[in-house]
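These notes concern the structure reproduced below.
The values are calculated or read from the model by the stated rules, or taken from the named source; none is laboratory data. Please read all numbers here as calculations on a predicted model, not as lab measurements. Here the Cβ is made from the backbone with ideal geometry for all residues, glycine too, and neighbour counts use every protein chain on show. Heavy atoms of the whole protein, side chains included, go into the accessibility calculation; ligands, DNA and RNA do not. Shrake-Rupley method; radii C 1.70, N 1.55, O 1.52, S 1.80 Å.
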Amino acid sequence: MSPKSPASPHGHGSTRRLTTAQALVAFLARQYTERDGRRQRLISATWGIFGHGNVAGIGQALVEAGRTGNGTAHRMPYLQGRNEQAMVHAAVGYARQSGRLSAQAVTTSIGPGATNLVTGAALATINRLPVLLLPGDTFATRPADPVLQQLEVPYAGDVSVNDCLRPVSRYFDRITRPEALIPAALQAMRVLADPAETGAVTLALPQDVQAEAYDWPEEFFAERDWHIRRPAPDTHELDAAVRAIRSARRPLIVAGGGVRHSAAEETLAAFTAATRIPVASTQAGKGALRHDHPADVGGIGHTGTATADDLARTADLVIGVGTRFSDFTTASGTLFSNPAVRFLHLNITAFDAHKLAALPLVADARAGLEALTAALAGRGYRVDPAYETEYTGAKEVWEERVEASFATPDPTARPTQTQVLGLLDDLVTEEDILINAAGSLPGDLHKLWRTRSRDQYHVEYGYSCMGYEIPAAIGVLLAAGTGQRTRPVWAMVGDGTYLMNPTEIVTAVQENLPLKLVILQNHGYASIGGLSDAVGAERFGTAYRHRDADGGFTGPPLPVDLAANAASLGLRVLRATTVDDLRKALSEARDAEGPTCVYVETETPDTVSGPPPAQAWWDVPVAETASRPAAVRAREEYDRQVAARRRHL
Ligand SMILES: Cc1ncc(C[n+]2csc(CCOP(=O)(O)OP(=O)(O)O)c2C)c(N)n1
Ligand SMILES: [Mg+2]
């Protein structure tokens with residue numbers, strides 16, 4: 001990195017001769033975000049797996065920036081992953097825990113390394129979480145097509161496998177000349193730091209361009225602050241929103257992930273304190289209020305509580321705050337069944353704010369709630385005390401259901417999954433963070449978990465991607481740790497999920513991060529097995545068992561030992577058989593300073609020891625014609641349910 005001043009193609013000023021990769025890394029190390037007076041690095045570290053597509057370009061640049069970068073402030077730390085998809089999950093976990101104020105980059109080789117990013121990119125974009133993807137790409141100069149791992153498209157010479165990343169990226173560019181990096185890098189930062197636009201951002205880097213030198217204008221390497229804006233509502237939209245709230249008799253708030261991204265929890269609490277409007281939450285919004293806040297009525301929708309879902313059925317005004325109104329939230333269009341129901345939606349993206357033909361209130365969640373609170377204050381709006389008594393009472397009834405699911409009457413028995421949650425509930429404080437994404441756990445957690453702090457509940461349910469949990473826990477640990485003291489971070493996985501992606505255990509061991517992994521063994525897919533049963537598919541292909549004589553999988557469980565597997569990757573493993581063992585193991589894991597795993601075989605729950613049944617429907621289309629009776633019966637039920645669907649116009 002030697003400054004020099006040749007005749008610059010940029011007119012005047014000094015330039016620095018660097019490779020494209022060196023320039024990109026130096027640029028990334030000098031970007032900051034700022035919101036509410038807090039300033040932090042926009043890209044705090046770079047994950048990478050090297051191959052011929054990035055080893056000599058970005059790889060060499062990371063050596064310079066990690067070791068000999070000028071001063072510690074502009075170092076670019078490198079994190080070594082094992083699987084490209086998992087590296088994106090880790091970065092996403094980091095970004096979510098950082099409140100989207102800080103993100104990480106992920107560099108990969110060409111070909112399989114790059115296409116392994118696609119699932120992670122989709123997850124990031126769907127959940128509106130920032131991550132910068134830097135896949136290598138085939139030569140821009142095309143000296144010897146096809147090079148190793150090059151996709152040849154006979155009808156289009158400019159297509160590479162990286163084009164798979166376009167639909168899952170919020171910004172995509174291919175840097176085919178060094179100087180094209182300047183506008184592309186600035187656009188990439190704009191999107192990452194834009195609360196309405198953010199998601200996966202991809203800069204595809206042809207391997208020859210990565211290594212090519214160029215005289216960069218010195219200004220490109222100046223520190224740059226990206227203000228994370230909090231747009232205030234439009235006065236016309238605000239007036240309409242206030243009128244709608246003032247005329248509502250049974251309003252219900254649906255709090256989504258936007259409440260958390262905006263750090264609007266306290267503002268939401270102040271709004272409900274003034275209005276006493278109850279707050280239901282989506283998977284991403286759970287934790288917007290603490291579970292014991294009087295206005296919190298728990299999860300909403302297919303995996304919701306009876307309290308929230310009954311309120312949703314009778315609500316005359318549903319006030320969305322930072323939600324995507326997914327099918328799980330709306331019970332596939334069947335939940336909001338009051339004929340007079342209207343929607344008001346406070347969302348930073350106009351795209352979401354207009355869903356369900358809502359009155360849009362396009363604004364940052366915190367700014368919007370502050371404006372609503374102020375506008376309503378002078379007019380003394382508050383819900384009828386009878387409505388408040390109704391939902392407070394319903395909440396108490398649901399609490400009894402939670403108690404029943406968590407209770408462990410026999411300490412020598414094998415625990416059910418909900419009893420595992422009950423034991424954790426006994427153990428954790430507001431410090432602990434629980435991570436999960438798929439299987440039967442998201443439903444159980446959404447219905448039952450008593451969230452004690454704003455960021456305790458980390459369930460990725462935009463993409464519900466099996467295998468998110470372990471790498472995400474690493475990202476969360478990197479974001480949540482302060483000095484020697486890290487918060488207890490639990491990755492909760494089913495056996496199917498564990499098998500999907502255990503590889504980043506090695507990364508946690510390498511970094512000595514005190515990951516607490518809980519493996520719940522039930523020999524297959526309890527979730528999809530149950531769903532399969534309900535839709536007439538007879539649990540086909542959902543159990544991990546030996547083949548039977550008929551060719552199905554109803555034989556004995558497979559002799560796999562996931563505890564031994566986790567131990568082989570470097571975890572300390574505590575095996576628990578009974579409720580009592582498990583209580584001790586969880587407590588020991590919580591105190592552990594290194595990465596630890598608790599392994600438990602769970603009992604199939606009965607109606608008492610299991611989770612409450614679904615309180616609302618979810619649309620999974622059933623075979624319209626079939627010869628087997630299970631599917632015929634399931635279709636009859638399906639037709640009955642689908643008849644209740646409404647289009648909100
Ligand atoms: C990557 C990925 N593939 C497939 C699915 C569909 N799916 C959802 S849950 C599930 C089974 C999860 O099994 P396990 O982790 O053992 O949890 P359990 O259902 O037993 O609670 C599957 C296959 C998914 N969500 N993610
Ligand atoms: Mg399972």
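May I ask you to say which residue of 518, 506 is under 26 Å from residue 570 (Cβ atoms), within 16 Å of ligand 2 (Cβ to nearest atom) and either under 22 Å from the mean Cα position of the chain (by Cα) or among the hydrophobic types (A, V, I, L, M, F, W, C) (or both)? Show your work before the answer.
Working: 506 fails: within 16 Å of ligand 2 (Cβ to nearest atom).
Residue meeting the stated conditions: 518.
Tell me yes or no: at least one residue of region 429-437 is open to solvent by 10 Å² or more (accessible area, probe 1.4 Å), within 16 Å of ligand 2 (Cβ to nearest atom) and in a loop (DSSP other than H, G, I, E, B). No, region 429-437 contains no residue that is open to solvent by 10 Å² or more (accessible area, probe 1.4 Å), within 16 Å of ligand 2 (Cβ to nearest atom) and in a loop (DSSP other than H, G, I, E, B). Checked against (1) surrounded by fewer than 24 Cβ atoms within 10 Å (Cβ to Cβ); (2) touching a strand residue (DSSP E or B) at 6+ places or on another chain (Cβ under 8 Å), residue 232 passes all but condition (2).
Rundown of residues vs (1) modelled with pLDDT under 95; (2) in a helix (DSSP H, G or I); (3) surrounded by 21 or more Cβ atoms within 10 Å (Cβ to Cβ), yes/no style:
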| site | (1), (2), (3) |
| --- | --- |
| 519 | no, no, yes |
| 552 | yes, no, no |
| 563 | no, yes, no |
| 566 | no, yes, yes |
| 586 | no, yes, yes |
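Limited to region 536-550, what total is found for residues that are within 14 Å of ligand 1 (Cβ to nearest atom), open to solvent by less than 30 Å² (accessible area, probe 1.4 Å) and not hydroxyl-bearing (Ser, Thr, Tyr)? Of the residues in region 536-550, 0 are within 14 Å of ligand 1 (Cβ to nearest atom), open to solvent by less than 30 Å² (accessible area, probe 1.4 Å) and not hydroxyl-bearing (Ser, Thr, Tyr).
In region 519-535, the residues that are under 29 Å from residue 639 (Cα atoms) and within 6 Å of ligand 1 (Cβ to nearest atom) reach residues that are of a type in the set (Ser, Thr, Tyr) and part of a loop (DSSP other than H, G, I, E, B) with C-beta atoms within less than 6 angstrom, at least six apart or across chains, in these pairs: 525/542; 526/440; 527/440; 528/542.
Restricting the first member to region 558-574 and to residues that are touching a residue at least 12 places away in the same chain (Cβ under 8 Å), and the second to residues that are surrounded by fewer than 16 Cβ atoms within 10 Å (Cβ to Cβ) and in a strand (DSSP E or B), the beta-carbon pairs closer than 7 Å and six or more apart or on different chains are 558/545.
Identify, from the list 124, 184, 188, the residue that is assigned to a helix (DSSP H, G or I), touching a helix residue (DSSP H, G or I) at 6+ places or on another chain (Cβ under 6 Å) and either open to solvent by 10 Å² or more (accessible area, probe 1.4 Å) or not basic (Lys, Arg) (or both).
Values: 184 fails: touching a helix residue (DSSP H, G or I) at 6+ places or on another chain (Cβ under 6 Å); 188 fails: touching a helix residue (DSSP H, G or I) at 6+ places or on another chain (Cβ under 6 Å).
Only one candidate passes the filter, namely 124.
Look at (1) of a type in the set (Val, Ile, Thr); (2) more than 30 Å from residue 509 (Cα to Cα); (3) surrounded by fewer than 17 Cβ atoms within 10 Å (Cβ to Cβ) and you find that residue 578 fails only one, number (2). For region 607-636, a residue qualifies if it is in contact (Cβ under 8 Å) with a residue 40 or more places away in the chain and under 25 Å from residue 405 (Cβ atoms), and the qualifying residues are 608, 609, 610, 611, 612, 614, 615, 616, 617, 618, 620.
Flag: residue 428 does not match the condition of being away from ligand 1 (no atom under 15 Å from the Cβ), under 17 Å from the mean Cα position of the chain (by Cα) and assigned by TED's automatic domain parsing to the domain that holds residue 513. Has region 298-320 got any residue that is in contact (Cβ under 8 Å) with a residue 60 or more places away in the chain, within 21 Å of residue 458 (Cβ to Cβ) and open to solvent by 20 Å² or more (accessible area, probe 1.4 Å)? Yes - at least one qualifying residue is present in region 298-320.
Picking from residues in region 204-224 that are part of a strand (DSSP E or B) and more than 25 Å from residue 55 (Cβ to Cβ), the one that is most open to solvent (accessible area, probe 1.4 Å) is 224.
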